[in-house]
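Visitor: Pasting a structure here, questions to come.
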Amino acid sequence: MGSDSEGIKLPVINFPDDLKENTAVWYSVKKQVHGALKEYGCFEALFDKIPINLRESVFDGLKQLFDLPLQNKLRNRSNKPYHGYVGQHPMVPLYESMGIDGAHIQEKMECFTDLLWSQGNPTFSKSIQSYSEQLSELDQIVRRMVVESLGLEKYMDEHMDSTNYLVRVQKYDSPKSNETKLGLTSHTDKNIVTILYQNEVKGLEVYTKDGHCITVEPTLNSFTVMIGDSFYAWTNGRLHSPRHRVMMTGDKARYSIGLFSVPKAGYVIKAPEEMVDEEHPLLFKPFDHVEFLDFYYTEAGQRSPAALKAYCGA
Ligand SMILES: O=C(O)CCC(=O)C(=O)O
Ligand SMILES: [Fe+2]
């Protein structure tokens, strides 16, 4: 891994404003989505339903949030692993992040802002709530398209109802030197679909199946859509879940926001029988995502290069 492949770029897919199911445009976008997710597990989505002033207000809010004293940020806790404040880690000293479960729901957002700011922060809670709600539409379009492409329509409702939304927000401090420094260690996401949006400072690198590195170069209008291990498992390997990391250079901090569709606790992820045949033997035994996360954050899970396989490989 690590060879830098100049020239390889992520596919860019346009999601028109008036995209409707069962239209010629839907079929054409669906084909591109399926192709990109099979090969790269990732693409750039042009999705301009989220007004530019809302996106700007999200980043204004993120700056205020990470500027809070550490003691306030530490109030962001969760009983689920990796859902609360993460930072001050010697391996990745530039990295800080916080999680907001159910950020598309107003009351949950208000709980978060009331906890972090003693006076609350209605502007922040409104902008993250509305950003998450609007972007969840893209998550749902992508997942519908995957389910249809694989001929799994009879599982559509079950699949669409099997997840919650988690928002994670990240700040990567600038390395303040000419050297490139690690922002976030290489990993695969563990959830279903991740949609990332960042400020103008790039740094995300995605690896191809054969280990080439693609530097993601999003624009103001593009979102990075990525497959996580749970979708890889549910589709029995039909989609790729790519390794990725963040590298930082220069003197500006990078802020990013991720919308994660995450399997609900208690929902057992089991590849539909249609996905299993001689050519595609079952990759993973049925598993519960939260229990898998518990394993992933043990020492053995962290050491394992393929944690899901170690946990429940068939
Ligand atoms: O900040 C980014 O762009 C990537 C964050 C990421 O990979 C993650 O939170 O899983
Ligand atoms: Fe990630």
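The values are calculated or read from the model by the stated rules, or taken from the named source; none is laboratory data. All values derive from a computational prediction rather than experimental measurement. When we count neighbours, we look across all protein chains shown, and the Cβ atoms used for this are built from the backbone with ideal geometry, even at glycine. The area values use the complete protein model at the heavy-atom level, side chains included, leaving out ligands, DNA and RNA. Shrake-Rupley method; radii C 1.70, N 1.55, O 1.52, S 1.80 Å.
Visitor: Does segment 153-180 hold any residues that are surrounded by fewer than 19 Cβ atoms within 10 Å (Cβ to Cβ) and of a type in the set (Phe, Trp, Tyr), and which are they?
Guide: Of everything in segment 153-180, just one residue is surrounded by fewer than 19 Cβ atoms within 10 Å (Cβ to Cβ) and of a type in the set (Phe, Trp, Tyr), namely TYR155.
Visitor: Another one. How many residues does segment 23-65 contain that are in contact with a strand residue (DSSP E or B) (Cβ under 7 Å, 6 or more places away or on another chain) and free of Cβ contacts under 8 Å to residues at least 40 places away in the same chain?
Guide: 2
Visitor: Say we look at segment 267-301 and pick out the residues that are without any contact (Cβ under 8 Å) to a residue 24 or more places away in the chain and more than 21 Å from the chain's Cα centre (by Cα); which of these is farthest from GLN134 (Cα to Cα)?
Guide: Looking at residues that are without any contact (Cβ under 8 Å) to a residue 24 or more places away in the chain and more than 21 Å from the chain's Cα centre (by Cα), I get GLU278.
Visitor: Scan segment 79-93 for residues that are in contact (Cβ under 8 Å) with a residue 12 or more places away in the chain and part of a loop (DSSP other than H, G, I, E, B) and report the count.
Guide: Selection size over segment 79-93: 7.
Visitor: Look at TYR311 and say whether it is closer than 29 Å to ILE100 by Cβ, open to solvent by 20 Å² or more (accessible area, probe 1.4 Å), within 15 Å of ligand 1 (Cβ to nearest atom) and in contact with a helix residue (DSSP H, G or I) (Cβ under 7 Å, 6 or more places away or on another chain). First the steps, then the outcome.
Guide: Details: closer than 29 Å to ILE100 by Cβ: yes; open to solvent by 20 Å² or more (accessible area, probe 1.4 Å): yes; within 15 Å of ligand 1 (Cβ to nearest atom): no; in contact with a helix residue (DSSP H, G or I) (Cβ under 7 Å, 6 or more places away or on another chain): yes.
In short, no.
Visitor: Taking ARG245 and the conditions (1) surrounded by 22 or more Cβ atoms within 10 Å (Cβ to Cβ); (2) near ligand 1 (Cβ under 9 Å from one of its atoms); (3) not in a loop (DSSP other than H, G, I, E, B), which numbered condition does it fall short on, given that it satisfies the others?
Guide: (1)
Visitor: Now for a different question. For segment 57-80, indicate whether the set of residues that are exposed (fewer than 12 other Cβ atoms within 10 Å of the Cβ) and either under 22 Å from THR123 (Cβ atoms) or within 17 Å of the chain's Cα centre (by Cα) (or both) is non-empty.
Guide: yes
Visitor: Condition test on VAL290, is it assigned to a helix (DSSP H, G or I) and over 30 Å from LYS176 (Cα atoms)?
Guide: Considered against the rule, which asks whether it is assigned to a helix (DSSP H, G or I) and over 30 Å from LYS176 (Cα atoms), VAL290 comes out as yes.
Visitor: Also, I was wondering about something else. From the set of residues in segment 285-300 that are in contact with a Leu (Cβ under 9 Å, 6 or more places away or on another chain) and open to solvent by less than 20 Å² (accessible area, probe 1.4 Å), which is nearest to ARG243 (Cα to Cα)?
Guide: Going through the qualifying residues, I end up with PHE292.
Visitor: Hey, another quick one. Among the residues of segment 223-242, is any loosely packed, with under 14 Cβ neighbours inside 10 Å, over 26 Å from ASN79 (Cβ atoms) and either away from ligand 1 (no atom under 16 Å from the Cβ) or modelled with pLDDT of 95 or more (or both)? Before you say what the answer is, go through the steps one by one.
Guide: Of the residues in segment 223-242, the ones loosely packed, with under 14 Cβ neighbours inside 10 Å are none.
No, every residue in segment 223-242 fails to be loosely packed, with under 14 Cβ neighbours inside 10 Å, over 26 Å from ASN79 (Cβ atoms) and either away from ligand 1 (no atom under 16 Å from the Cβ) or modelled with pLDDT of 95 or more (or both).
Visitor: Does GLU200 meet the test of being of a type in the set (Asp, Glu), in contact with a Lys or Arg (Cβ under 7 Å, 6 or more places away or on another chain) and either within 13 Å of ligand 1 (Cβ to nearest atom) or not in a strand (DSSP E or B) (or both)? It would help to see each step written out before you state the result.
Guide: Numbers: of a type in the set (Asp, Glu): yes; in contact with a Lys or Arg (Cβ under 7 Å, 6 or more places away or on another chain): no; either within 13 Å of ligand 1 (Cβ to nearest atom) or not in a strand (DSSP E or B) (or both): yes.
No: the conditions fail for GLU200.
Visitor: Tally time: how many residues in segment 250-268 are at pLDDT 95 or above and either among the hydrophobic types (A, V, I, L, M, F, W, C) or within 17 Å of THR185 (Cβ to Cβ) (or both)?
Guide: 9
Visitor: Okay, next question. Scan segment 93-107 residue by residue and report those that are more than 19 Å from the chain's Cα centre (by Cα) and either within 16 Å of ligand 2 (Cβ to nearest atom) or closer than 29 Å to LYS126 by Cβ (or both). Spell out how you get there, then give the answer.
Guide: So the first thing to find is which residues in segment 93-107 are more than 19 Å from the chain's Cα centre (by Cα), and the list is 93-94, 106-107.
If the condition is that a residue be more than 19 Å from the chain's Cα centre (by Cα) and either within 16 Å of ligand 2 (Cβ to nearest atom) or closer than 29 Å to LYS126 by Cβ (or both), then LEU94, GLN106, GLU107 are the ones that fit.
Visitor: Go through segment 203-236 and report how many residues are more than 12 Å from the chain's Cα centre (by Cα) and part of a loop (DSSP other than H, G, I, E, B).
Guide: Count: 13.
Visitor: Which count do you get for residues in segment 109-152 that are surrounded by 19 or more Cβ atoms within 10 Å (Cβ to Cβ) and basic (Lys, Arg)?
Guide: 1
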